[in-house]
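Okay, so here's the structure we're looking at.
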Amino acid sequence: MTGAQKITHPLLPTLESSPKYVNLAARLLRHIAQKSLRPGDFLGTEAELVEKHRVSRVTVRQALLILEREGYISREKAKGT
């Protein structure tokens, strides 16, 4: 990552050995950290994230749960993330 801010977090170990949901959480967190998203911005529905990142819905849910528990995102049922 040249010129990019490195994201470190205990829940985000080295990506080479991480499960898909951890890799996705890291990508989403990096996107948030690079200020591509502002507070109140919409990440998308689970279905949109599944299609965009080409992972299963379970993977998306697990990644979002990590980010929600750590306070990076908030979720509202039937409204998206």
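The values are calculated or read from the model by the stated rules, or taken from the named source; none is laboratory data. The shown structure was predicted, so the numbers you read here are calculated from the model rather than taken from an experiment. Every residue, glycine among them, receives a Cβ derived from its backbone with ideal geometry; neighbour counts consider all protein chains shown. Each accessible area value is taken on the protein alone, full model and side chains, heavy atoms only, with ligands, DNA and RNA left out. Shrake-Rupley method; radii C 1.70, N 1.55, O 1.52, S 1.80 Å.
Of the numbered criteria (1) open to solvent by 90 Å² or more (accessible area, probe 1.4 Å); (2) under 20 Å from P19 (Cα atoms), the one R38 fails is (2). All conditions but one from (1) closer than 11 Å to Y21 by Cα; (2) without any contact (Cβ under 8 Å) to a residue 12 or more places away in the chain apply to Q62; the one that does not is (2). Within region 42-59, track down each residue that is surrounded by 12 or more Cβ atoms within 10 Å (Cβ to Cβ) and not in a helix (DSSP H, G or I). Passing the criteria: L43, G44, T45, V55, S56.
Inspect region 8-20 for any residue being at pLDDT 70 or above and not small (G, A, S) and give the result as yes or no.
yes
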